[in-house]
1. Between their Cα atoms, which of 15/106; 106/168; 106/165; 102/168; 15/154 are more than 29 Å away from each other?
2. When DSSP assigns beta bridges and you keep just the ones with both residues in the chain, what percent turn out antiparallel, to the nearest 5?
3. Let's test the formula: R0 of 22 Å, r as the Cβ-Cβ distance of residue 145 and residue 117. What FRET efficiency results, to the nearest 0.05?
4. Using 15 Å as the cut-off for backbone N distance, which residues of the range 105-129 belong to the label zone defined by a point 7 Å from the Cα of residue 165 along Cα→Cβ?
5. Give, in whole angstrom and from largest to smallest, the semi-axes √(5λ) of the equivalent ellipsoid of the chain, with λ running over the eigenvalues of the Cα gyration tensor.
6. What is the Cα radius of gyration of the range 110-219 over 2.2 N^0.38 Å, N being its residue count?
7. Please give the FRET efficiency for residue 76 paired with residue 14, using the beta carbon to beta carbon distance and R0 = 30 Å, rounded to the nearest 0.05.
8. Averaging over every viewing direction, what projected area does the convex hull of the Cα atoms of the range 19-130 cover, in nm²?
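The values are calculated or read from the model by the stated rules, or taken from the named source; none is laboratory data. Here the structure is a predicted model, which is why all the values come from computation and not from measurement. Cβ atoms come from the backbone with ideal geometry, glycine included; neighbour counts cover every protein chain shown. Areas reflect the complete protein model, heavy atoms only, side chains present, ligands, DNA and RNA absent. Shrake-Rupley method; radii C 1.70, N 1.55, O 1.52, S 1.80 Å.
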Amino acid sequence: MNCLSPSILAADFAKLGEQIQMLDRAGAQYLHIDVMDGVFVPDISFGMPVVKSIRRCTERIFDVHLMVTNPDHYIDAFYDCGADLITVHAEAVQHLDATIDKIHEKGIIAGVALSPATPIERIEWVLPKTDMVLIMTVNPGYGGQKLIPYTLDKVRAVRELIQKKGLKTDIEVDGGITLENVREVLAAGANIIVSGSSVFDGDIQENAEAFLRILSEDERG
Ligand code: DX5
Ligand code: ZN
């Protein structure tokens, strides 16, 4: 199924609750929550207290993207704050297989992210136990960047690998996705679309609805 996961990194944090409700009204299925530690990526975004507060505003799937070193240390804490899905970066983890198990022990969805330069072979052997692969379509760290074109070849390659292995793994894409390029991104094989600035700049509900229309058109073929 195609789903939209708007990234609250682009929200106005003074109006976060209200803006999340606009996404709810539009029918976005997920909420993408970018956690940055200032080490794995240069910026610091927000952490547990924010996630805990917004858990009271919405029932949407909390899609927590950990851009942190040693994400293992934070799995329990984000689970306690209401994460439904935790994604760790393959580049930030020592023993990816064990980290996926740790997320599954909480009874939630496990995602593995690959930054643009990371080869897809990094996830080949753990693919059967991974619920979602996040292909970064920009370098992690900032919202509002331009999609790097070769990352769509990676999406195609991961989709092929998933099919070859007979799996049903979701592919999420994150970074630089707009109403103009989302069709191409879906055609490459992605089914969970993250979008920050293209949803939050302007009328949030209308933008999310416009994305969702394209996502369901694509599903109908
Ligand atoms: C980038 C983050 C993204 C970002 C996407 O490191 O992981 O989720 O918020 O924002 P846009 O859609 O503006 O590129
Ligand atoms: Zn993200």
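1. On the way: 15/106 31 Å; 106/168 21 Å; 106/165 26 Å; 102/168 21 Å; 15/154 36 Å.
Pairs exceeding 29 Å: 15/106; 15/154.
2. 5
3. Details: r = 15 Å, r/R0 = 0.67.
That pair, residue 145 with residue 117, gives E of 0.90.
4. It comes to 110-114, 119-129, nothing else.
5. With the √(5λ) rule applied to the chain, the semi-axes are 23, 22, 16 Å.
6. Compactness ratio reported: 1.05.
7. Once rounded, the FRET efficiency stands at 0.50.
8. 7.4
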